1. Largest first, how would His37, His52 line up by accessible area (1.4 Å probe)?
2. DSSP loop (so not H, G, I, E, B), at most 12 other Cβ within 10 Å: list which trypsin sites (Lys or Arg not before Pro) in region 29-82 pass both filters.
3. Mind counting lysine pairs for me in the chain? Cα separation below 25 Å, and the two need to be 8 or more apart along the chain or on different chains.
4. Contact order normalised by length for the chain, with contacts defined as Cα pairs under 8 Å and 6 or more residues apart; what percent is it?
5. Rounded to the nearest 20 Debye, what is the dipole magnitude of the chain about its Cα centre when Lys and Arg each give +1 and Asp and Glu each give -1 at the C-beta?
6. Take the solvent-accessible surface of the protein heavy atoms, probe 1.4 Å, and return the percent of it on the chain that carbon and sulfur atoms account for.
7. Residue by residue through region 30-41, what is 3J(HN,Hα) from phi via Karplus (6.51 cos²θ - 1.76 cosθ + 1.60, θ = phi - 60°)? Round to whole Hz and write x for glycine and proline.
8. Can you compute the FRET efficiency between Val100 and Lys43 using 1/(1 + (r/R0)^6), with r the Cβ-Cβ distance and R0 = 41 Å? Round to the nearest 0.05.
Amino acid sequence: QVQLVESGGGLVQPGGSLTLSCVVSGKFSGPYTMVWHRQAPGKLRDWIALIHHGGGTNYLVSVRGRFTIAKDNSKNTFYLQMNNLKPEDTAVYYCNLRPVNGDYWGQGTQVTVSS
């Protein structure tokens with residue numbers, strides 16, 4: 001069974017940085033896409049960054065240039081590096097693995113940007 005465990009959230013001041021990690025365990029087959037989502041209080045969950053198994057990436061416009069998605073295949077770990085954080089980045093962040101035959105989610109990690 002595939003499991004995703006996130007870590008790295010916390011409280012950070014505006015302009016600060018955080019790196020979220022998502023460790024994947026279990027076996028899955030075929031090509032995949034890893035997506036980072038976030039859900040702010042009272043708002044719908046939005047995707048913000050994704051990476052394909054081949055390495056291609058895409059970002060929501062509001063985070064492009066500030067956030068970077070990456071992967072370390074040797075550690076089965078995906079990362080979301082977040083720089084120049086803003087109060088509007090406050091949300092619960094989720095990683096979501098989408099192989100050919102599956103859709104797996106992490107438990108979420110809280111990111112709070114506040115002075």
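The values are calculated or read from the model by the stated rules, or taken from the named source; none is laboratory data. Since this is a predicted model, take the numbers as computed values, not measurements. Backbone-built Cβ (ideal geometry, glycine too); neighbour counts: all protein chains shown. These area figures cover heavy atoms from the full protein model, side chains too; ligands, DNA and RNA do not enter into them. Shrake-Rupley method; radii C 1.70, N 1.55, O 1.52, S 1.80 Å.
1. Correct descending sequence by accessible area is His52, His37.
2. Lys43
3. Working: Lys27/Lys71; Lys27/Lys75; Lys43/Lys86; Lys71/Lys86.
Here the count comes out as 4.
4. Contact order relative to length: 37 percent.
5. 100 debye
6. Carbon-and-sulfur percentage of accessible area, whole number: 50.
7. So the Karplus estimates, Gly and Pro as x, are x, x, 8, 10, 9, 10, 9, 10, 8, 9, 7, x Hz.
8. Approximately 0.85, to the nearest 0.05.
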